[in-house]
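Asker: Got a structure here, written out as structure tokens. Questions coming.
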Amino acid sequence: MTPRQYFSLIDVQARMLLKADASKFKLGILWWFLEPLMWVSVFFVVFNLILDSGKKSGDFILFLTCGKFAFIWFSKTVIQASGSIVASQGLVGKINMPKSLWPMAAIQESLYRQSSVYLLLFLILIMFGQYPGFAWLWMIPIFLVMYLMIVACGLVGSCLVCIVRDFQKLIPLGMTFLLFTSGIFWDVRDIGSPEKTELLLTMNPLAFMIDAHRQVLMNDTAPDTLHLMAIALGSGAIIVLSIKFMRNKSKYLALKVLT
Amino acid sequence: MSAPDRKVMLELRDVSLSFQTSKGTFDHGVHHVLDQVSFKLYENETLGIIGRNGVGKTTMLRIMAEILAPTGGEIVKRPGKTASLLTIGLGHKLDLSGRDNAMLSAMLQGATKSEALAYLEQIKAFSELGDSFEEPVKTYSAGMKSRLGFTTALLTHVDILLVDEILSVGDAEFRKKAEKAMKERMAGDQTVVFVSHSDAQVKSLCDRAIWIDQGKICAQGDPEEVIAEYRASMRK
């Protein structure tokens, strides 16, 4: 299979997945936007109205929107990609394809979806008076690094699930853990001790990426470029290694999926 | 039997496949599907494989298609030759139309996007689905699904075609058409390995047959004789 064929197959599969998904529900593609918006509403009710008696300012909505929109992209995609090879069991037993095809199609599908979700995010920011500045251009590298991180985690996840099915139970749990530790509804910069903040941002790349979204979109501040590059490099290395693994162990993975 | 001057397309040498089924790490959890199977597949021939359910026929095809690797022995293919399974309904997505599914299946079988697009009208015509071709596959009857599946599967163009129980599709009318199309394929230059439970099909389509049971080859040779032996063993 030539690289061109590989990528066009990923593209067509992703489009078909979107089409199938949209035709399944009455509200169709509106769900792309409704789902993250509903999450933000839920978090706003719980963490502002209930826990904080409505003391937080309107900025809190933007704070939540930035964090949650980015987080949902990561968590939903990684979960989807992780289960994708096992979910295509029927196909795996019939054709000899690079196993990375299925997680990559799932990741591509959510990339297409997420592009419009980010447009909504920008729209919400503008509605709340955060006008775009030059700093917003930083969103391009941030978006790219987020994508690399998702590809890395999605590929690793899909291998793990193939080898030991039990990971399918653990990965959503891991996502909940990340939801609480990545500063979605609280600010990593408000922990109180700068060392702890630093430690968290280093240990949890997702926390750094979500904070970077807010720095750029809400504070017009550039993110820590070195840190961003380190995450990009790390993800790149993981991607190369997992593609290599999936290529060399293609038949082993097929056997694991089929038995 | 087979003339020695015929070119070997594919050879299985002492191929075994076993895997762990239970969670335990002891040997009783190991499942032996194939046990030292050896045979040769010659150019242009149609080789039938018969045997009861669960004796390793599909696994053998999967090894020949290089989807699975044998745990023992080796498989030697003539360099540059391709082998792949002919399968009905390659992962039909029920929410998508027949057209979209056909497009996906064609691409999964190795067609480029433009080739796949070009096939679509051909598929629509052969499958006789008419306007239903544009409807979601979830609205299809079982017969319609297999029409779509068989037609897209027919597009597979490889040197060694591995066929797993395919000719039982659709209504009588379509089945005739499908059989005719398959026969034309097999009678031509195509090298075929054909798994079937139908004695009549194996007799009429295959040049040679192999009977496997419990992962081993019990008999091989002339289809009539092999089938007779197989049937005799079942009467015991």
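Asker: Residues with amide H under 5 Å of residue B:50's amide H, sequence separation 5 or more or different chain, H placed in the peptide plane at 1.01 Å from N; which?
Answerer: Close amide H contacts, sequence-distant or interchain: B:210, B:211, B:212.
Asker: Lys/Arg Cβ at +1, Asp/Glu Cβ at -1, dipole of chain A taken about the Cα centre: which of A:78, A:95, A:12 is farthest positive-ward?
Answerer: The residue sitting most towards the positive pole is A:95.
Asker: Search the structure for amide H atoms under 5 Å from the amide H of residue B:9, placed 1.01 Å from N in the peptide plane, and list their residues when 5 or more places away or on another chain.
Answerer: Long-range HN contacts for residue B:9: B:41, B:42, B:43.
Asker: Another one. How many angstrom lie between the Cα centre of the stretch A:19-85 and the Cα centre of the stretch B:173-229?
Answerer: Between the Cα centre of the stretch A:19-85 and that of the stretch B:173-229, the gap is 56 Å.
Asker: Taking the Cα atoms only, what angle lies between the long axis of helix A:30-44 and the longest principal axis of chain A, rounded to 10 degrees?
Answerer: Tilt of helix A:30-44: around 50 degrees.
Asker: Near residue B:7, which aspartates and glutamates are there with a Cα under 12 Å away, not counting those fewer than 8 places off in the same chain?
Answerer: Leaving aside aspartates and glutamates fewer than 8 places away in the same chain, those within reach of residue B:7 are B:43, B:45.
Asker: What percentage of all Cα-Cα pairs in the protein assembly as shown are separated by more than 31 Å?
Answerer: 54 percent
Asker: When we measure straight from the Cα of residue A:26, which lysines land under 17 angstrom away, once same-chain ones fewer than 8 places off are left out?
Answerer: B:138
Asker: Between the stretch B:121-143 and the stretch A:178-243, how many Å separate their Cα centres?
Answerer: Rounded to whole Å, the Cα centres lie 50 Å apart.
Asker: If you average the alpha carbon positions of the stretch B:68-103 and of the stretch A:147-176, how far apart do those two centres end up, in angstrom?
Answerer: What the calculation gives is 26 Å, centre to centre.
Asker: May I ask you to list the lysines whose Cα is less than 21 Å away from that of residue B:180, ignoring any residue fewer than eight positions away on the same chain?
Answerer: Within the straight-line cut-off, residue B:180 pairs with B:124, B:145, B:203.
Asker: Still on this structure: If you take each beta carbon of peptide A:243-253 and count the beta carbons of other chains within 10 angstrom, what is the mean?
Answerer: Average per residue, whole number: 1.
Asker: Students often get this wrong, so check it: of A:99/B:77; A:99/A:249; A:244/B:93; A:94/B:113; B:81/B:177, which have C-alpha atoms separated by over 18 Å?
Answerer: The answer is A:99/B:77; A:244/B:93; A:94/B:113; B:81/B:177.
Asker: Okay, moving on. Please report the equivalent ellipsoid semi-axes of the stretch A:89-142, computed as sqrt(5 x eigenvalue) of the Cα gyration tensor, largest first, in whole Å.
Answerer: Taking √(5λ) for each Cα gyration eigenvalue gives 38, 12, 5 Å.
Asker: Quantify how much of the Cα-Cα distance distribution of chain A extends past 22 Å, in percent.
Answerer: It works out to 58 percent of all Cα pairs.
Asker: Restricting to DSSP H runs of at least four residues, report the calculated mean residue ellipticity at 222 nm for the protein assembly as shown, -39500 (n - 2.57) per run over all residues, nearest 500 deg cm²/dmol.
Answerer: -18500 deg cm²/dmol
Each value in this text was obtained by applying a stated rule to the coordinates, not by laboratory testing. Keep in mind the model is a prediction, meaning the values are calculated, not measured. With ideal geometry, Cβ positions are generated from the backbone for all residues, glycine too; neighbour counts draw on all protein chains shown.
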